[in-house]
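Structure first, then comments.
Throughout, read-outs are computed from the coordinates displayed, never taken from laboratory work. Keep in mind it's a predicted model, so treat the numbers as computed, not measured. As a convention, Cβ positions derive from the backbone with ideal geometry for all residues, glycine included, and neighbour counts pool all protein chains shown.
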Amino acid sequence: MMLVKEAMTKTPVTCRTDTPLREVVALFRKHHIGGLPVLDGTELVGMVTESDLISLLETERTSDDLWLPSPFEVIEIPIREYINWEKTRHSLQNIGDMPAKKIMTRRIITAAENMDVEAAASLMLREGISRLPVLRGKIIVGIITRADIINAIGSSYTQNTGTDQQ
């Protein structure tokens, strides 16, 4: 039975509550991740994910002054729409300046280091999430993702059989 502490990423990428969303997106891209624990000092206070950003953009998109053109519309933009586009650019600029705490999920589901990997996987499935911050007391010591769990199960399978199975 493998434990979370054996499968988790030990130094997770995190952000602060005041980290602007443009930096959050830059961290997602740089580290090829889809979510970040949000810290206030050393305390875990939320999670910010790609889904949070997408729902923010969807909300913004439906507001009156935000107009995102399709590639076809760009070719034939009437001049009156250009004014609307300026408002849109300003609105998107504001999203980039928005702090992580504005869109983070505050209900955080976490794992403990000594939890079984299978229990962590079951928790992720039940909650419909892709990652669990791992806490020791109130301090974040790692993060475990679906990919970490698959790797852990795969490596234990290879070790148990002693050969690479196809």
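Determine the shape class of region 1-50: with a ≥ b ≥ c the square roots of the Cα gyration tensor eigenvalues, call it rounded for a/c under 1.5, and otherwise prolate if a/b is greater than b/c, oblate otherwise.
oblate
Indicate the gyration tensor shape class of region 102-154 (rounded, prolate or oblate), computed on the Cα atoms with a ≥ b ≥ c the square roots of the eigenvalues: a/c under 1.5 is rounded; otherwise a/b larger than b/c is prolate and the rest oblate. Oblate. Neighbours of R106, meaning other residues whose beta-carbon lies under 12 angstrom from its beta-carbon, give a summed charge of +1 when Lys and Arg score +1 and Asp and Glu score -1. Taking θ as phi - 60° and the Karplus parameters 6.51, -1.76 and 1.60, the scalar couplings of region 105-120 work out to 7, 8, 7, 9, 9, 10, 10, 9, 4, 8, 6, 5, 4, 4, 5, 5 Hz in sequence order, x denoting glycine and proline.
Summing Lys and Arg as +1 and Asp and Glu as -1 over all other residues whose Cβ lies under 13 Å from the Cβ of V117 gives a net charge of -3.
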